Amino acid sequence: MEQTIIAFDLYGTLLSTESIATELAKLYGDEKAKLLAARARTLQLEYTWRSNSMKRYESFSNLTRWSFRHAAAELGVDLSPADEERVLNAYNGLDTFSDANSGLEILAGAESVTAYVFSNGDPSMLASSMSTSPALAQASRVLPRSRIISVEPLRVFKPDPSVYGNLVEIAGKKGNPGSVWLVSSNPFDVCGAAASGLKSAWVDRTGKGWLDGLATGAGNNPNIVVKGVDEAVKRILDVTTSFEDDSSQLYVGLTSTVLALRGSHTIAQPLLDPDSGSALCWNGEAWRIQGAALSGNDGEIILSKLTAASVHGQKAILDTLRAIEGPFAFVFVDKPSKTLYYGRDRLGRRSLLVNPEFPFQLSSISDTSCTGWLEVEADGCYIIPLTACSLTSTVEPVRHDWDSNQELHRVQGVPLPPGVDESQARVAVLFSGGLDCTVLARLTDELLPSDQEIDLLNVAFENPRIAAQHKGLELDKLYELCPDRITGRQSFDELVKTCPQRTWRFVAVNVPYSDTTSHRDTVVGLIYPHNTEMDLSIACALYFAARGEGFAQTGVEAESLPYATTARVLLSGLGADELFGGYSRHGIAYQRHGYEGLVEELKLDVGRLGKRNLGRDDRAMSHWSREVRFPFLDESLVKWAIETEVWQKCDFGKDPNGEEGVEAAKRILRLLARDLGLEAAALEKKRANGQNGKR
């Protein structure tokens, strides 16, 4: 039986460090006791972090003793040696939280869980706490002494990566940290676990929500946020679904993190149907189902339709999935039929990876310590029967084609980010200044309220080779030499003149060479299994663009000021070249094989977008908790473009050198730009993508 591994932090998670105030109140009164307990806890944690930074380990017992001395001195109260011992003895007998007691009761009946205590405490403190607390003492079967893990052998405290690695190894999951859960009320602990690849549940007893700016910026947020330990246990068990057959028992484990951009409220995932036991992991945006627009949370609606379809069999489920329009990736466990469904939309606009080796794994992002990850092909819906014989060392999913049911970009209805006013940007354009992104920006202006700002994110890298050619030139001016920066500023000027009522913000994202090198491993991990230098170069630009930090101007002559984008949705022009013949190879294909050869080349380019580009780009940008959308790849636009005669899109035969200055490549888009008042963009000559100084 595959076990679910859950490690529980002790102090502040299972045990209430505030309960020490009861003992302190006997010495100092209630008010002083609460202040002293809270301050000592803050100092205790601060001391662990300082010890890590100074690489000088002291036992947690000593740090606890010193923190109470420090806190007492700050508050001007006398802590005699005898009182100090009295307080420390009380610390070793802290009360459990009521929700922790409930959680332990749930664990007692959960045979599929192996639980650990994982703490900064030294072994003597832990032994005393575990035996003195009535609830923990009674839970010795669930949390036996053999599964109490102290950081002391490593002589370093949380959140040092080594302590989480040690936990994973002791749990028998070395090389697979994502199979281990940490439940903790301490944000720094949750961040450390997430950064080390573990899943994490943050216990938010205050109900204020996850506010950690560093974790959000670095992408180390908890997988789930709960109100208590009992809820954490329930949620973790909920995402582990068992399937019994005649020969064995199978388990499907599901976990999700949520970036909510639609609906009136955030919905925790995986989505569970209480009646059938079926579950859905949903990553994407369902714009319409069976031609009808959706309102509310799309994931909830899809789960309800899938569970309703389940009654009518596999074909009904497939028909429901085929009727979805929008970018998405999903995993659906249909418990009544013991069947797993998974896939990506017809174009592959959301990431989904598969590791077919045993145990079979699906994930939006891969663990680079494990080999064998592949992009799920965007060529249909895949089905696996959940029986023992189907999940052997070689899993053979059955593919069912998407039908031909095939929409322009969505920029409306993006919720207001926290702390942002109504006029600030909710949408940003990945903006090199080229034809595709400039047209996107202009069309976005047509759709958004006129008082809502639009950010234009333009990336330029410090390139030592270029710097060597321009010795003595200031770094800020070196960035301005990048071709994308030059065209970006030119197109920004044209947008300001064409749409003067709009506040356009040009964000110069300047990336020093030191940032490129320090973030390289992160980007490599995000784009895996892609691993070429070209993949890395493209992904780096998207990664830093999505971070959205730079110097912004709202006018060509306006002052440039430090800025971080408030946008939650990023628009990418990817797909325009593939649909409308924008690459030089398209002209070559026509020269060699005429229109027939050009059509085949365009079909090939569109068909491999999901495998080559879209999953990689989605992973690189969603790292910063932003969603990228690809307007040129909405279904109805793709369908229209494919069905349109090729000479209407890029007429290399009629006038390859340009009709009235408009060249043949992407001619239909250039004529649209001209109609929109973007004359300079319409006439801009095609050049290689990614001219931001990276290479």
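The values are calculated or read from the model by the stated rules, or taken from the named source; none is laboratory data. No experiment lies behind these values; they were computed from the predicted model shown. We place every Cβ from the backbone using ideal geometry, glycine too, and count neighbours over all the protein chains shown. Calculation scope for accessible area: heavy atoms of the full protein, side chains included, ligands and nucleic acids excluded. Shrake-Rupley method; radii C 1.70, N 1.55, O 1.52, S 1.80 Å.
For the range 113-126, the criterion of a residue being open to solvent by 20 Å² or more (accessible area, probe 1.4 Å), on the phi < 0 side of the Ramachandran plot, part of a loop (DSSP other than H, G, I, E, B) and not hydrophobic (A, V, I, L, M, F, W, C) is satisfied by no position.
Residue count for the range 563-620, restricted to those that are charged (D, E, K, R) and farther than 30 Å from Phe551 by Cα: 11.
For the range 263-322, enumerate the residues that are among the polar types (S, T, N, Q) and in contact with a Gly (Cβ under 8 Å, 6 or more places away or on another chain). Scanning the range 263-322 gives Ser264, Gln269, Asn297. Of the helices (runs of 4 or more DSSP H) lying entirely inside the range 427-535, those containing at least 1 residues that are of a type outside the set (S, T, N, Q), more than 18 Å from Val556 (Cα to Cα) and modelled with pLDDT under 90 are 464-469, 475-479. Would you please name the residue that is nearest to Arg350 (Cα to Cα), looking only at residues in the range 279-300 that are of a type in the set (A, V, I, L, M, F, W, C) and buried (at least 18 other Cβ atoms within 10 Å of the Cβ)? Restricting to residues being of a type in the set (A, V, I, L, M, F, W, C) and buried (at least 18 other Cβ atoms within 10 Å of the Cβ), the top hit is Trp282. Picking from residues in the range 66-86 that are among the hydrophobic types (A, V, I, L, M, F, W, C) and assigned to a helix (DSSP H, G or I), the one that is farthest from Pro159 (Cα to Cα) is Ala82. Among the residues of the range 573-616, the one identified as in contact with a His (Cβ under 9 Å, 6 or more places away or on another chain), modelled with pLDDT of 90 or more and basic (Lys, Arg) is Arg616.
All conditions but one from (1) at pLDDT 90 or above; (2) crowded, with 19+ Cβ neighbours inside 10 Å; (3) within 32 Å of the chain's Cα centre (by Cα) apply to Phe68; the one that does not is (3). Among the numbered criteria (1) assigned to a strand (DSSP E or B); (2) open to solvent by 10 Å² or more (accessible area, probe 1.4 Å); (3) within 23 Å of Arg349 (Cβ to Cβ), which one does Pro562 miss? Every condition holds for Pro562 apart from (3). Among the residues of the range 489-510, some residue qualifies, meaning at least one is out of contact with any Leu (no Cβ under 7 Å at 6 or more places or on another chain), surrounded by 14 or more Cβ atoms within 10 Å (Cβ to Cβ) and within 21 Å of Asp617 (Cα to Cα). Leu374 meets the conditions (1) under 25 Å from Ala316 (Cα atoms); (2) surrounded by fewer than 17 Cβ atoms within 10 Å (Cβ to Cβ); (3) at pLDDT 90 or above in every case but one. The failed one is (1). Restricting attention to the range 197-211, the residues that are surrounded by 15 or more Cβ atoms within 10 Å (Cβ to Cβ), assigned to a loop (DSSP other than H, G, I, E, B) and over 15 Å from the mean Cα position of the chain (by Cα) total 2.
The residues of the range 301-313 that are open to solvent by 10 Å² or more (accessible area, probe 1.4 Å) and in contact with a Phe, Trp or Tyr (Cβ under 9 Å, 6 or more places away or on another chain) amount to a single one, Leu303. Can we say Ala673 is assigned to a helix (DSSP H, G or I), open to solvent by 20 Å² or more (accessible area, probe 1.4 Å) and at pLDDT 80 or above? The answer is no for Ala673.
Scanning the range 1-33 for residues that are open to solvent by 10 Å² or more (accessible area, probe 1.4 Å) and among the hydroxyl-bearing types (Ser, Thr, Tyr) gives Thr4, Ser16, Thr17, Ser19, Thr22, Tyr28. Just to be sure, is Ser131 over 16 Å from Asn221 (Cα atoms), part of a loop (DSSP other than H, G, I, E, B) and open to solvent by 40 Å² or more (accessible area, probe 1.4 Å)? Considered against the rule, which asks whether it is over 16 Å from Asn221 (Cα atoms), part of a loop (DSSP other than H, G, I, E, B) and open to solvent by 40 Å² or more (accessible area, probe 1.4 Å), Ser131 comes out as no. With respect to the conditions (1) over 20 Å from Phe328 (Cβ atoms); (2) surrounded by 20 or more Cβ atoms within 10 Å (Cβ to Cβ), Asp634 falls short on a single one, namely (1). Which count do you get for residues in the range 583-624 that are in a helix (DSSP H, G or I), open to solvent by 20 Å² or more (accessible area, probe 1.4 Å) and charged (D, E, K, R)? Number of matching residues: 8. For the range 46-65, the set of residues classified as open to solvent by 20 Å² or more (accessible area, probe 1.4 Å) and either closer than 18 Å to Ser162 by Cα or not in a helix (DSSP H, G or I) (or both) consists of Trp49, Arg50, Asn52, Ser53, Met54, Lys55, Arg56, Tyr57, Glu58, Ser59, listed by residue number.
Can you tell me which residue in the range 171-192 is farthest from the chain's Cα centre (by Cα), limited to those that are aliphatic (A, V, I, L, M) and more than 21 Å from Ser16 (Cβ to Cβ)? Across the range 171-192, the extreme among qualifying residues is Ala171.
If we scan the range 225-242, do we find a residue that is over 26 Å from Arg626 (Cα atoms), in a strand (DSSP E or B) and at pLDDT 75 or above? Scanning the range 225-242 turns up no residue that is over 26 Å from Arg626 (Cα atoms), in a strand (DSSP E or B) and at pLDDT 75 or above.
Select, from Ala546, Ala552, Ala541, the only residue that is under 17 Å from the mean Cα position of the chain (by Cα), under 17 Å from Phe431 (Cα atoms), among the hydrophobic types (A, V, I, L, M, F, W, C) and open to solvent by less than 20 Å² (accessible area, probe 1.4 Å).
One residue alone meets the criteria, Ala546.
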